[in-house]
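A.B. asks: Quick one: the structure is below, and I'll ask about it shortly.
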Amino acid sequence: MRAQSGVEMAVVVVDDGGSDGTTDALREMDLPGVRVLRHDRSKGVSAARNAGLAQVATRFTAFVDDDDLWAPTKTADQLAALQVTPGARWSCSGALHVDRALDVITYHAPPGSGRVDAELLRMNVIPGGGSGLLMETALAREVGGFDETISILADWDFNLRLGLASPVAAVDRPLVGYFVHSDSMFHDPLGVMRELGHLAEAHGQLSDGRAFAADRAWWYSSMWGMARALGDRRAAAQLARDALRTLPPGAVLHLLLGKVRGRLDRWRLPPTTRALPAGTGWLDGFRDAPEGGRPGAAV
């Protein structure tokens, strides 16, 4: 973050109950412009981000998880996009999904600039999780920060509230390295469906008559397939029972007729592709860094 070009950064680090010595190391370094907060026990990603947001005194805020990476121009590019996008108070960018060796798995492009609330009511179209965002600090606070009762779909919920409040300024360049690891929260299929229900309740009836419109049949089939792939028979059985109880008969029929395999393919990470967008060379600087500077490595 301190390597961001063309901008002045004030950094708030939130150590959410970690045991790797991050807080002590940073305090010993005594870096100018860096403030460190520590939770004695983990409160979760949403609470950690909100704790940092509460300390921000700058006009704009951006989040980055400790296992994700930013291109050196990310902040400047997003600020420039805000300048040329009428009414936009937040920005997103493209994201490279990378493994621990920083090999690129795939590129996720952002939506176009403008209103994205209709899309976000159906699916999370913003790449890079929380690490791909930049927004007016006032906007982040106006929409209530992150919902601390959820974690897996907290980014989607936050993006939706941002999208309902303002157009987005999108930068279709790979400005984020989003680390994909084996213990992803998406490996909790039952948790995903619980939080999907939470989003449906929270955004069930908007003032303009619209409502949260995620394809629950798609989600049930995908999470059922995920549970089967993980060997979690209990979760798979529970998801099947819940789908039969809550979905319309036609949707259940599609699930039972074997649509799962094709739909689950959307969740499987595609192989490393040669057709990557321009502008990925910034990852080389991280590849050359010591092992401790890599995603997923202990600090």
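A.B. asks: Being in a helix (DSSP H, G or I) and modelled with pLDDT under 95 is the filter here, so list the residues in the stretch 194-222 that pass it.
C.D. replies: Hits for the stretch 194-222 are ARG216, ALA217, TRP218, TRP219, TYR220, SER221, SER222.
A.B. asks: Residue by residue through the stretch 96-124, note down the ones that are over 20 Å from MET193 (Cβ atoms) and part of a loop (DSSP other than H, G, I, E, B).
C.D. replies: Those that are over 20 Å from MET193 (Cβ atoms) and part of a loop (DSSP other than H, G, I, E, B): ASP99, ARG100, ALA101, LEU102, ASP103, ALA109, PRO110, PRO111, GLY112, SER113, ARG115, VAL116.
A.B. asks: A follow-up question, please. Among the listed residues GLY94, GLY44, GLY87, identify the single one that is surrounded by fewer than 20 Cβ atoms within 10 Å (Cβ to Cβ), under 25 Å from ASP157 (Cα atoms), touching a residue at least 60 places away in the same chain (Cβ under 8 Å) and in the same structural domain as ARG173 (by TED's automatic domain parsing).
C.D. replies: GLY87
A.B. asks: Give the stretch 155-171 a look and list any residue that's in a strand (DSSP E or B) and either β-branched (Val, Ile, Thr) or in contact with an Asp or Glu (Cβ under 6 Å, 6 or more places away or on another chain) (or both), or say none.
C.D. replies: Selection gives VAL168, VAL171.
A.B. asks: Taking only pairs six or more apart or across chains, which ones have beta-carbon atoms under 8 Å, a first residue in the stretch 101-116 that is of a type in the set (Asp, Glu), and a second residue that is at pLDDT below 95?
C.D. replies: ASP103/THR272
A.B. asks: Does HIS39 qualify as being free of Cβ contacts under 8 Å to residues at least 40 places away in the same chain and in contact with a strand residue (DSSP E or B) (Cβ under 7 Å, 6 or more places away or on another chain)?
C.D. replies: yes
A.B. asks: Still on this structure, please answer the following. Starting from residues that are crowded, with 18+ Cβ neighbours inside 10 Å and part of a helix (DSSP H, G or I), keep the ones in the stretch 125-145 and report whichever is nearest to the chain's Cα centre (by Cα).
C.D. replies: GLY129
A.B. asks: Confirm whether VAL34 is more than 18 Å from the chain's Cα centre (by Cα), buried (at least 17 other Cβ atoms within 10 Å of the Cβ), aliphatic (A, V, I, L, M) and not assigned by TED's automatic domain parsing to the domain that holds PHE146.
C.D. replies: So VAL34 does not fit the description; no.
A.B. asks: Among GLY94, GLY52, GLY87, which is the only one that is at positive phi and modelled with pLDDT of 95 or more?
C.D. replies: Checking each option against the conditions leaves just GLY87.
A.B. asks: Out of GLY130, GLY191, report the one residue that is touching a helix residue (DSSP H, G or I) at 6+ places or on another chain (Cβ under 6 Å), at pLDDT 95 or above and of a type outside the set (Ser, Thr, Tyr).
C.D. replies: Result: GLY130 is the single residue among GLY130, GLY191 that is touching a helix residue (DSSP H, G or I) at 6+ places or on another chain (Cβ under 6 Å), at pLDDT 95 or above and of a type outside the set (Ser, Thr, Tyr).
A.B. asks: On to the next question. When you check ASP172 against the structure, is it out of contact with any Phe, Trp or Tyr (no Cβ under 8 Å at 6 or more places or on another chain), in contact (Cβ under 8 Å) with a residue 40 or more places away in the chain, in the same structural domain as GLY285 (by TED's automatic domain parsing) and acidic (Asp, Glu), yes or no?
C.D. replies: Yes, satisfied.
A.B. asks: In this structure, does ARG233 turn out to be within 30 Å of ALA71 (Cα to Cα) and charged (D, E, K, R)?
C.D. replies: Here the answer is no, as ARG233 does not meet what is asked.
A.B. asks: Tell me whether the stretch 2-14 contains one or more residues that are farther than 22 Å from GLY285 by Cα and of a type in the set (Asp, Glu).
C.D. replies: Within the stretch 2-14, not a single residue is farther than 22 Å from GLY285 by Cα and of a type in the set (Asp, Glu).
The values are calculated or read from the model by the stated rules, or taken from the named source; none is laboratory data. Since we're looking at a predicted model, the values are computed, not measured. All Cβ positions, even for glycine, are placed from backbone atoms using ideal geometry, and neighbour counts span all protein chains on display.
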